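A quick write-up on the structure given underneath.
Taken together, the values in this text are just the output of simple stated rules run on the coordinates, not laboratory data. In this text, all values refer to a predicted model and were calculated from it rather than measured experimentally. Here the Cβ positions follow ideal geometry from the backbone for every residue, glycine too, while neighbour counts run over all protein chains shown.
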Amino acid sequence: MENRKDKRFGERNDVLIKNRCQAPETAANGGVNAYTHDLSVTGARIRTKQDFPVGHVIRIGIDLKRTQKSFKVDAEVIWTRKSKNGKRFDIGVEFLHSVPDSYILLIAHFCGKQVEIPSSVSPESPAS
């Protein structure tokens with residue numbers, strides 16, 4: 001029985017993994033290249049050359065090939081295992097969507113629709 005929150009889609013997308021605390025200007029020097037095996041709006045299975053401990057929070061950038069969109073999101077490593085050949089690792093991550101942009105982008109990606117992400121929400125005026 002699968003213990004999944006949402007439907008997974010088998011997709012190979014390029015991923016850059018970095019330490020969540022790493023400064024943005026050092027990302028090119030300190031990132032780990034990887035790729036997705038499957039992806040959902042709440043998480044992914046990622047294949048990488050480096051293992052990450054369960055519970056570790058990483059920042060990942062994913063380039064969605066089919067829709068040519070990309071997004072960055074923090075993710076918690078939920079599980080990890082060595083690949084069959086022992087040279088790589090598969091890690092299961094749960095996305096920690098702090099803003100709805102990445103969540104909406106993934107829904108639009110899977111539904112195949114062009115959905116615009118609102119730039120801001122206007123607060124209601126106080127009653128007079």
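Site pair Arg12 and Asp74 shows an inter-label distance of 3.2 nm when each label is modelled 7 Å from Cα along Cα→Cβ. Quick one: go through region 80-98 and flag any residue whose amide nitrogen is under 19 Å from the point 7 Å out along the Cα-to-Cβ line of Asp51. Correct set: 80-94. Less than 5 angstrom separates the built amide H of His37 from those of Arg45, Ile46, Arg47, all sequence-distant by 5 or more or on a different chain. Our coupling estimate for region 36-51, obtained by passing each phi through the Karplus curve with A = 6.51, B = -1.76, C = 1.60 and θ = phi - 60°, is 7, 9, 8, 8, 9, 6, 10, x, 7, 9, 10, 9, 9, 7, 10, 7 Hz, Gly and Pro reported as x. Each other residue within a Cβ distance under 14 Å of Asp63 adds +1 if Lys or Arg and -1 if Asp or Glu, for a net charge of +3.
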